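To start, the structure under review is shown below, and the notes come after it.
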Amino acid sequence: MKISIPVLFGCSGISFALGFILAWQALPEGAPPVARAAAQGAAGANQVADLWNGRGAPTHVPSPVATNNQHQVAPVSGEEQKMRERAETDPVFLRSLIQRYETERKPEMREMIKSVLASVQKPEALAFFTRLANSGDTAQRKEAYAMLQQMAPDSPEMRNLLKQALASEQSPELLAQAVAALRPGATDPAESEAIMAQLGSLAQHADPAVRSQSVLQLGQWDKTGASQGRLAQALADPSPEVRQAAIFAVAQSGARSDALKSTLMGIINNGAESKEIKGSALQVLERFPLSKEEYARYVQARTQAGH
């Protein structure tokens, strides 16, 4: 389980961003970190501008990994850059770096080595990630998913490893991480369809953090509108974080079905719904065609919300 685009952003887009920030800040402190990370990423002006202008999802979805936070990467130090360059050209050094990572005790150096390994597209590094991801130790699997989230560009080997994790991982926290690491890319249509089927199934998982991350990914992977029914279900999810994630997914997917519009209209007119989620739904509805009656309800909801 991240980014620079020119920002030409009007007041409505800024309101959309603020709506997501407020929504997640209002969640209980115990809410799963994936939800808070998703909201914080959604609120970034560059990302929201991208969605609002119809260009689809941000390149990377925010992840549940506190140390990575999905590609919010710190500046690379000179020492780290040298390590990366050497690891790219020297297999012996790369293998020694992998061995050092497993024995290093200094947290700062361990993080640096992890960042280097995640940036090296070499068989030795992928074999190392595969071994960690298949480990019976949850801490090692967590490390594997964290490094896979940092890797770019995507590769078939990475996707196969993560698809296996989606099918076998039992820990909800780690499963959410694995989902976040499965970044969309150019894939064979049959493989893309299979991945969306996995995400659609996980969007019904018992854990809300897994559901919310899966919904976010569906919004990125779906290029045909096939997941609109699943997104409509997520908009009615009992968990606020999943409903908010679904609103974000609708925005980034560009989906405009009547079912989605109807569900969003239900959200803005639901007296029991939170002000924050209503505000987010109002912003997304700005891009839907509305009938005269729907527009009247929309205006009334905006007035009541103070927009």
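With a 1.4 Å probe and every protein chain kept in, tell me what percent of the accessible surface of the stretch 104-183 is carbon plus sulfur. Don't jump to the answer; show the numbers that get you there.
Working: 1760 of 3350 Å².
With neighbouring chains kept in place, the figure for the stretch 104-183 is 53 percent.
Distance cut-off 21 Å, Cα to Cα: go down the list Lys82/Lys106; Lys114/Lys223; Lys142/Lys163; Lys142/Lys223 and report the pairs above it.
In this structure, Lys114/Lys223; Lys142/Lys223 exceed 21 Å between Cα atoms.
Write down the accessible area per residue of the stretch 146-293 in Å², having rolled a 1.4 Å probe over the full set of protein chains.
Values: 5580 Å² over 148 residues.
Here the per-residue accessible area is 38 Å².
Leaving ligands, DNA and RNA out of it, report the carbon-plus-sulfur percent of the accessible area of the stretch 197-307 at a 1.4 Å probe.
50 percent
Calculate the FRET efficiency for Ala305 and Ala197 from the Cβ-Cβ distance with a Förster distance of 35 Å, rounded to the nearest 0.05.
Computed FRET efficiency for Ala305 and Ala197 comes out at 0.45.
Using θ = phi - 60° and the Karplus curve 6.51 cos²θ - 1.76 cosθ + 1.60, what whole-Hz ³J(HN,Hα) does each residue of the stretch 163-172 get, with Gly and Pro shown as x?
4, 5, 5, 4, 8, 10, 5, 9, 6, x
Counting Lys and Arg as +1 and Asp and Glu as -1, what is the net charge of the other residues whose Cβ lies under 12 Å from the Cβ of Gln170?
-2
Can you pull the one-decimal nm distance between simple spin-label points at Ala236 and Asp258, each 7 Å off the Cα toward Cβ?
Taking the simple label geometry, Ala236 and Asp258 are separated by 1.6 nm.
For the ranges 140-146, 184-190, 219-225, what's the packing order if you count other beta-carbon atoms within 10 Å of each residue, average per peptide, and put the highest first?
140-146, 219-225, 184-190
With θ set to phi - 60° and the Karplus curve 6.51 cos²θ - 1.76 cosθ + 1.60, what are the ³J(HN,Hα) couplings of the stretch 78-89 in order, to the nearest whole Hz, using x for Gly and Pro?
Running phi through 6.51 cos²θ - 1.76 cosθ + 1.60 with θ = phi - 60° gives x, 5, 5, 4, 5, 4, 5, 4, 6, 5, 5, 10 Hz.
Check cross-link reach from Lys292 to the lysines: straight Cα distance under 22 Å, and skip same-chain residues fewer than eight apart.
Lys261, Lys278
Give me the Å³ per residue figure for the convex hull around the C-alpha atoms of the stretch 99-223.
Working: hull volume 12.8 nm³, N = 125.
Hull volume over Cα atoms, normalised by residue count, gives 102 Å³.
Just how far, in whole angstrom, is the stretch 252-277 from the stretch 202-222 if you go by their alpha carbon centroids?
The stretch 202-222 and the stretch 252-277 have Cα centres separated by 17 Å.
Averaged over all directions, how much area does the convex hull of the C-alpha atoms of the stretch 201-307 cover when projected, in nm²?
6.1 nm²
Determine the order of Asp258, Asp90 by accessible area, beginning with the largest, at a probe radius of 1.4 Å.
I get Asp258, Asp90, largest accessible area first.
How far apart, in nm, are two points set 7 Å out from the Cα along the Cα-to-Cβ line at Asn160 and at Asn270?
For Asn160 paired with Asn270, the spin-label model returns 4.2 nm.
The values are calculated or read from the model by the stated rules, or taken from the named source; none is laboratory data. As the structure is a computational prediction, the values presented were derived from the model and not from experiment. Note: ideal-geometry Cβ built from the backbone for every residue, glycine included; neighbour counts use all protein chains shown. Accessible surface areas use protein heavy atoms only, side chains included; no ligands, DNA or RNA. Shrake-Rupley method; radii C 1.70, N 1.55, O 1.52, S 1.80 Å.
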